[in-house]
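Visitor: Here's a structure for you.
The values are calculated or read from the model by the stated rules, or taken from the named source; none is laboratory data. Being a predicted model, the structure only gives us computed values, none of them experimental. Methodologically, a virtual Cβ is constructed for each residue, glycine included, from the backbone with ideal geometry; neighbour enumeration extends over all protein chains shown.
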Amino acid sequence: MSGDAKAEEIWRPKGAPYPMPPMKTFRHGDVWKKGCEAAGIRMVPAAVGMNSTEFKGRPACIYDGWCHVGCPIGALANPQVTYLADAKKAGAEVRALSTVARVLTNAAAARSPASNITTLRRKSRCRRRAWSCWPPGPRRIRA
């Protein structure tokens, strides 16, 4: 997150500062800010999930405007460059077009209570050993 937590305290509870400073504003933003200030409306930079500086190995935003279709350099924080990248580094296997249908557990397991998983892919079932398994949440499965 990048932003100015101190400036936002009028709208949100006091808290820790964001890990990065706010994104820079451009001419259009400066024009809006000046007009709002003249009308007595307080403006502050919005907190966003983009890197204003290099952060955790991901580069700073280059302001090229492609956020809505996928950041080409990974500056926009989304699951693909945050959680998924960390999971892959930890050895997770990602299978396209697959859904976890069942997680078999073993309460005595030291590393993970999940022992095996059953996945569905194009109406076929596959059972494999699970080293670590964190399903994203409940989903309806169509067989």
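Visitor: Return a yes/no flag: does region 84-98 have any residue that is within 25 Å of Met23 (Cα to Cα), under 17 Å from the mean Cα position of the chain (by Cα) and exposed (fewer than 14 other Cβ atoms within 10 Å of the Cβ). Explain how you work it out, then say what you get.
Guide: Filtering region 84-98 down to residues within 25 Å of Met23 (Cα to Cα) leaves 84-86.
Retained after the next criterion (residues that are under 17 Å from the mean Cα position of the chain (by Cα)): 84-86.
Still in the list and also exposed (fewer than 14 other Cβ atoms within 10 Å of the Cβ): 84, 86.
Yes, some residue in region 84-98 is within 25 Å of Met23 (Cα to Cα), under 17 Å from the mean Cα position of the chain (by Cα) and exposed (fewer than 14 other Cβ atoms within 10 Å of the Cβ).
Visitor: Can you tell me which residues in region 1-60 are farther than 20 Å from Val81 by Cα and of a type in the set (Val, Ile, Thr)?
Guide: Once the filter is applied, which keeps residues that are farther than 20 Å from Val81 by Cα and of a type in the set (Val, Ile, Thr), region 1-60 yields Ile10, Thr25, Val31, Ile41, Val44.
Visitor: Do you know which residues across region 9-33 are assigned to a helix (DSSP H, G or I) and either loosely packed, with under 11 Cβ neighbours inside 10 Å or in contact with a Pro (Cβ under 9 Å, 6 or more places away or on another chain) (or both)? Can you show your working first?
Guide: So the first thing to find is which residues in region 9-33 are assigned to a helix (DSSP H, G or I), and the list is 9-10, 27-33.
Listed by number, the residues that qualify are Ile10, Arg27, His28, Gly29, Asp30.
Visitor: Scan region 8-28 residue by residue and report those that are modelled with pLDDT of 90 or more and of a type in the set (Gly, Ala, Ser).
Guide: Ala16
Visitor: Does region 45-64 contain any residue that is touching a Lys or Arg at 6+ places or on another chain (Cβ under 7 Å) and not polar (S, T, N, Q)?
Guide: So the first thing to find is which residues in region 45-64 are touching a Lys or Arg at 6+ places or on another chain (Cβ under 7 Å), and the list is 51.
Filter once more, so that each one left must be not polar (S, T, N, Q): none.
Checked region 45-64: no residue is touching a Lys or Arg at 6+ places or on another chain (Cβ under 7 Å) and not polar (S, T, N, Q).
Visitor: Taking region 36-71 on its own, how many of its residues are part of a loop (DSSP other than H, G, I, E, B), modelled with pLDDT under 90 and more than 22 Å from Ala7 (Cα to Cα)?
Guide: Counting residues in region 36-71 that are part of a loop (DSSP other than H, G, I, E, B), modelled with pLDDT under 90 and more than 22 Å from Ala7 (Cα to Cα) gives 6.
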